[in-house]
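First comes the structure, then the notes that go with it.
Read-outs throughout are calculated quantities, based only on the coordinates presented, and are distinct from any laboratory measurement. None of the values given here were measured: they were computed from a predicted structure. Note that we place each Cβ from the backbone using ideal geometry, even for glycine, and neighbour counts take in every protein chain shown.
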């Protein structure tokens with residue numbers, strides 16, 4: 001499985017991301033489960049965005065605790081240098097002592113924008 | 001340790017963006033570090049920007065152990081390398097070339113004639129610290145950008161090995177590695193960036209090396225339906241005579257040794273450290 005997001009620098013957009021099982025079927029989230037999304041730069045291990053459902057960033061980037069989960073990436077949080085970054089989608093399993101499970105991984109492709117900034 | 005290219009970039013280079021198998025992902029993880037190592041070995045240093053601490057001189061240029069005959073220096077014309085010989089006086093080494101390029105900042109430099117590579121008690125004490133701009137300076141082409149890696153001394157550098165300790169930051173930032181620097185200065189992650197500086201050819205060399213290797217791997221990998229795709233013999237026996245291949249030799253024949261393809265070497269060539277000044 002792979003989940004890819006194509007985003008534009010300094011822009012806001014929503015994406016629906018589905019967590020699927022080995023057969024490709026969407027899994028069911030139960031009460032207390034959380035979804036997490038990490039976007040990172042592998043070269044130096046820098047975590048660029050670390051989101052958990054129910055805990056939006058101060059700028060408003062968020063994830064919903066649902067499947068598919070809705071990821072809202074807000075411009076002030078995604079204003080890095082254009083490039084190709086790694087992303088991981090995780091499930092925090094409330095029924096298993098909130099252990100963190102790898103759900104999917106893929107690419108976060110950040111494109112340049114005309115102003116290169118937030119406007 | 002080096003991270004010139006990432007797995008995500010490798011996937012894009014290999015055309016594996018929309019779907020990737022576990023086998024392919026595992027192969028990328030196997031070959032990407034090897035491809036980086038091939039490039040690092042070719043240029044002679046780790047080009048990822050980070051801090052290093054080194055002891056200099058590495059060997060005794062006056063003819064000590066490991067350097068029995070002579071060394072290399074650059075002719076004053078800057079156009080040719082010349083040999084120097086053990087008879088050369090100790091006071092003729094005003095230049096110390098650091099082994100990682102480009103040098104972005106020297107945070108600490110100490111000279112202790114009895115340091116013994118830092119293993120002597122109280123080696124490189126605070127009193128041995130030298131002052132930047134007065135006792136030494138780097139050959140900067142621009143602020144925080146010294147592509148030669150040369151550090152000049154107001155007097156001379158000692159020739160006794162392990163008597164100079166340098167802590168410095170060198171290499172290219174992630175943005176420089178991508179060729180996407182928009183602002184000169186130190187960014188929020190502490191990386192030195194300079195507009196116009198691009199180490200993108202190094203990243204391309206790594207990805208090109210990886211792509212070549214992945215193509216070999218794909219050609220020789222096991223086929224799920226027909227067993228192994230035909231490849232080189234691993235062993236053979238005829239009466240008392242027999243042989244089997246394994247280890248590095250077997251890998252080489254099977255095409256699993258990661259080598260730098262010629263186009264990748266061409267890309268990396270301008271970044272090579274020839275070490276002409278290196279003590």
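Quick rundown of the values:
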{"quantity": "Percent of C-alpha pairs per 10 Å bin, the range B:103-209, short to long", "calculated": "14, 36, 26, 20, 5"}
{"quantity": "Convex hull (Cα only) mean projected area of the range A:61-104, reported in nm² to one decimal", "calculated": "4.0"}
{"quantity": "Taking B:151, B:258 and counting other C-beta atoms within 10 Å, the order from fewest to most", "calculated": "B:258, B:151"}
{"quantity": "Most fluctuating residue given options A:16, A:33, A:25, as computed from a GNM of chain A linking Cα atoms under 10 Å", "calculated": "A:25"}
{"quantity": "Other protein chain Cβ atoms within 10 Å, averaged over every residue that makes up B:2-10", "calculated": "5"}
{"quantity": "Euclidean distance between Cα centres, the range B:189-219 to the range B:98-155, Å", "calculated": "30"}
{"quantity": "Cα shape, the range B:186-225, gyration tensor, a/c 1.5 rule", "calculated": "prolate"}
{"quantity": "Rg [Å, one decimal], Dmax [Å, integer] - chain A, C-alpha atoms", "calculated": "14.3, 46"}
{"quantity": "Distance (nanometres) between label positions extended 7 Å along Cα→Cβ at residue B:187 and residue B:34", "calculated": "3.1"}
{"quantity": "Highest average packing first - A:58-69, B:167-178, Cβ atoms within 10 Å", "calculated": "B:167-178, A:58-69"}
{"quantity": "Two-site label geometry, residue B:137 and residue B:108: point separation in nm, points 7 Å out along Cα→Cβ", "calculated": "2.5"}
{"quantity": "Cα→Cβ-extended label distance, 7 Å offset, between residue A:97 and residue B:54, nm", "calculated": "4.7"}
